[in-house]
1. Would you please give the FRET efficiency between R235 and Q146, computed as 1/(1 + (r/R0)^6) with r the Cβ-Cβ distance and R0 = 22 Å, to the nearest 0.05?
2. What does the accessible area per residue of the chain come to in Å², with a 1.4 Å probe and no ligands, DNA or RNA counted?
3. Dipole size in debye (nearest 20) for the chain around its Cα centre, Lys and Arg Cβ +1, Asp and Glu Cβ -1?
4. Can you figure out the FRET efficiency of K242 with E210, using R₀ = 30 Å and their beta-carbon distance, to the nearest 0.05?
5. Report the net charge of residues surrounding Q148, where surrounding means a beta-carbon distance below 14 angstrom and charges are Lys +1, Arg +1, Asp -1, Glu -1.
6. Taking R0 as 22 Å, what FRET efficiency do you get between L122 and A50 from their Cβ-Cβ distance, rounded to the nearest 0.05?
7. Give me the orientation-averaged projected area of the Cα convex hull of the chain, in nm², one decimal.
8. What area, in nm² and to one decimal, does the C-alpha convex hull of segment 16-78 cast on average over all directions?
Amino acid sequence: MREQLALTGIILTASPIREYDRRVEILTRERGRIAAFAQGARRAASPLSACTIPFTFGEFVLYPGRNSYSLKAAAIQKYFGDIAADYDMACYASYFAEMAQYFTRENIEASAELLLLYVTLLSMQKGVLALPLIRVIYEMRMLQIQGQGIELFECLHCHQANTSDVYFSMGGLVCKECAAKEKELRERYPFVLSPDALHALQYILSAPIEKLYSFTVTEEILEELRRFMHSYLGRFLPHAFKALEFLE
């Protein structure tokens, strides 16, 4: 008899297969990103129909196979149907899910990635923060989880805290005084953040997960953060996400 597993996770994607079935990818806390087949899930009366919708969170009962899993049941704890029904939110959520897919692997625990995605979807659902700000927060925190965060609290060279006229090298910020000594640094990394934008990024890296989406910024600071993240991701993450075609 095959082992039955109960895994906590979020449906990342769902696609039709054969006449009535669905193939889903689930980001799970215990086993990372897994693929599963839900037999008959496209039938209107199927108990699997509602629990194989993207961005659905709950506990999924599965049987492992040689190359994938079979989904047999689910206890859904949170539907994000309003996100899927709103075009803008659906585009952002698809991008967040695609980024989670990129960074996670099967049989490697993904509790931090799952929690980040869950609280991000909750924030989107509340509708308090602007979607571009949510995107900046998600991107920065996800990179930190993957060990690709940058030093934003002190100069990489002199180790002094600085909140103005900061440049960015491969690993983080460099103060104005140290940058003045390195012509190459000024030419290659001319990006300078205002104190308010730097404080926002510092908060994103250090805030408890439950308070991550509890601040807002002005339009000017948000635009600054967006430009910074675009430059940062372009330099340190050599991957083209398909969902970005609908956001940029």
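The values are calculated or read from the model by the stated rules, or taken from the named source; none is laboratory data. Every value quoted in this text rests on a predicted model; they were computed, and no experiment measured them. All Cβ positions, even for glycine, are placed from backbone atoms using ideal geometry, and neighbour counts span all protein chains on display. Surface accessibility is based on the protein's heavy atoms, side chains included, excluding ligands, DNA and RNA. Shrake-Rupley method; radii C 1.70, N 1.55, O 1.52, S 1.80 Å.
1. Values: r = 15 Å, r/R0 = 0.69.
The calculated FRET efficiency here is 0.90.
2. 51 Å²
3. On the way: 26 positive and 29 negative charges, 195 e Å.
Using only the charged Cβ atoms, the result is roughly 940 debye.
4. It comes out at approximately 0.45.
5. Numbers: positive: R141, R235; negative: E113, E139, E151.
Charge balance in the 14 Å sphere: -1.
6. On the way: r = 19 Å, r/R0 = 0.88.
With a Förster radius of 22 Å, E is 0.70.
7. Values: hull surface 59.9 nm².
For the chain, averaging the hull's shadow over all directions gives 15.0 nm².
8. Values: hull surface 16.6 nm².
That works out to 4.1 nm².
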